[in-house]
Amino acid sequence: MPEPSRASEGHPSEARRTAEDADRLRRRARFLRELDDAKELRDRVQPRRARAARMRQHMRMRTFRW
């Protein structure tokens, strides 16, 4: 178990890992936002397909067993 005084001192590799994790999380969040925007745009551009997809999803959820 590390000593309490040394636990507060981060190793350079740990600092780099946390920076990489933060960067990865930022990129993931941006990707998910853009994906959501793309889905909304597709729903606006193709309303019939969007409605059919919503109905399929609704049926999937109705037949889903817990």
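Here, each number is a calculation from the coordinates, and none is a lab measurement. Treat the numbers as computed from the prediction; the structure is a model and nothing was measured. In this analysis, Cβ positions are derived from the backbone assuming ideal geometry, glycine residues included, and neighbour counts consider all displayed protein chains.
Give a residue-ordered list of calculated ³J(HN,Hα) values for region 52-59 (Karplus: 6.51 cos²θ - 1.76 cosθ + 1.60, θ = phi - 60°; whole Hz; x for Gly, Pro).
Per residue, the Karplus-derived 3J(HN,Hα) values read 4, 5, 4, 5, 4, 4, 4, 5 Hz.
Report the FRET efficiency, 1/(1 + (r/R0)^6), for Gln57 and Asp21, where r is their Cβ-Cβ distance and R0 is 35 Å, rounded to 0.05.
My answer for the efficiency is 0.60.
Placing +1 at every Lys and Arg Cβ and -1 at every Asp and Glu Cβ, with all other atoms neutral, what dipole size does region 12-63 have around its Cα centre, in debye to the nearest 20? Each step should come with its number before you reach the end.
Working: 18 positive and 9 negative charges, 106 e Å.
Once rounded to the nearest 20, the dipole reads 500 debye.
Using a Förster distance of 25 Å, how high is the FRET efficiency between Arg28 and Ala50, based on the Cβ-Cβ distance and rounded to 0.05? Provide the component values of the computation, followed by the final result.
Details: r = 25 Å, r/R0 = 1.01.
E(calc), rounded to 0.05, equals 0.50.
If you bin every alpha carbon distance in region 12-63 into 10 Å steps from zero, what whole percent lands in each bin?
Calculated over all Cα pairs of region 12-63, the distribution is 22, 26, 23, 16, 11, 1 percent.
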